[in-house]
Amino acid sequence: MEGLNRTRESLIAAAKDLPEAVVVNHSPGDLVYQDGAFAAGVYVVVEGFVAVGHYATPAPRPVWLAGPGDLLGLEAWHASTPPRHQGFARALTETALLFAPGDAWARALDRSPVRELVLSALVQLVLDQQALASRRDQPEQAVAWALARWGMPKGHEVELPAPAATLAAILGLSRNALRQAVARLTELNAARQVNGHFRGDPRRLRELLEEPLTASAR
């Protein structure tokens, strides 16, 4: 985890060095970009969390979280002309993003250090999505993984700023299944809900995630 955090910090530093990079601040609830809008460039999250989602149903549905060191707006690198966002991104918390236009990124990606950082971030995104997908049939494991992946230090615990409805949607759980999973994790001294936020014990979460996964019967 420490190595992964260093990689994310290095990517943020590299983005800050892009000549055309600008810092964009958002308040909770602000729309970062809309589905179908022109994808002018790629963002790196510096602080805060952004919910990424789509409109597969009449209501917007979050499907992922982007936190510090994560990339947003990858459609800007798509070969389509012009590139369009294929979903929306909305700030969950006070958020600071580094934005650079596609051309600036293209020039930066010609340099080996930046290219390696970006490739590492993209590979990690795929691995994270696979890790969560493997746990979707086991709600307690899914919640534990989300806390370990996105939780931010809060004293001796980590805290996940996503509201229950957002977390349930990302994990593919009903609100009732999420409540039951958190209740079970509370019994295991691994996680709890405090004032609407989810908190976890990093050590216990790691122990639970190291347990072998049971194959789904579905």
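Computed quantities for the displayed model
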quantity	calculated
Within segment 11-118, strands (runs of 3 or more DSSP E) holding 3 or more residues that are at pLDDT below 95, surrounded by 15 or more Cβ atoms within 10 Å (Cβ to Cβ) and touching a Pro at 6+ places or on another chain (Cβ under 9 Å)	none
Matching entry among Leu18, Leu97 (being among the aliphatic types (A, V, I, L, M) and closer than 30 Å to Pro202 by Cα)	Leu97
Total residues in segment 149-162, condition surrounded by fewer than 20 Cβ atoms within 10 Å (Cβ to Cβ) and not in a loop (DSSP other than H, G, I, E, B)	6
Condition met for Leu167 (crowded, with 19+ Cβ neighbours inside 10 Å, closer than 26 Å to Pro28 by Cα and outside the structural domain of His78 (by TED's automatic domain parsing))	yes
Residue within segment 137-147 that is modelled with pLDDT of 95 or more and closer than 20 Å to Glu47 by Cβ present	yes
Residue match in segment 173-189 (condition: at negative phi, without any contact (Cβ under 8 Å) to a residue 12 or more places away in the chain and either assigned by TED's automatic domain parsing to the domain that holds Glu47 or crowded, with 16+ Cβ neighbours inside 10 Å (or both))	no
Considering residues of segment 32-47 that are without any contact (Cβ under 8 Å) to a residue 60 or more places away in the chain and under 17 Å from the mean Cα position of the chain (by Cα) only, the residue nearest to Met152 (Cα to Cα)	Glu47
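Conditions tested, residue by residue: (1) without any contact (Cβ under 8 Å) to a residue 60 or more places away in the chain; (2) within 21 Å of Gln129 (Cβ to Cβ); (3) not assigned by TED's automatic domain parsing to the domain that holds Lys16.
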site	(1), (2), (3)
Ala51	no, yes, no
Arg61	no, yes, no
Gly87	yes, yes, no
Ala106	yes, no, no
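The values are calculated or read from the model by the stated rules, or taken from the named source; none is laboratory data. Bear in mind that the values here come from a model prediction, so they are computed numbers and not experimental data. In this analysis, Cβ positions are derived from the backbone assuming ideal geometry, glycine residues included, and neighbour counts consider all displayed protein chains.
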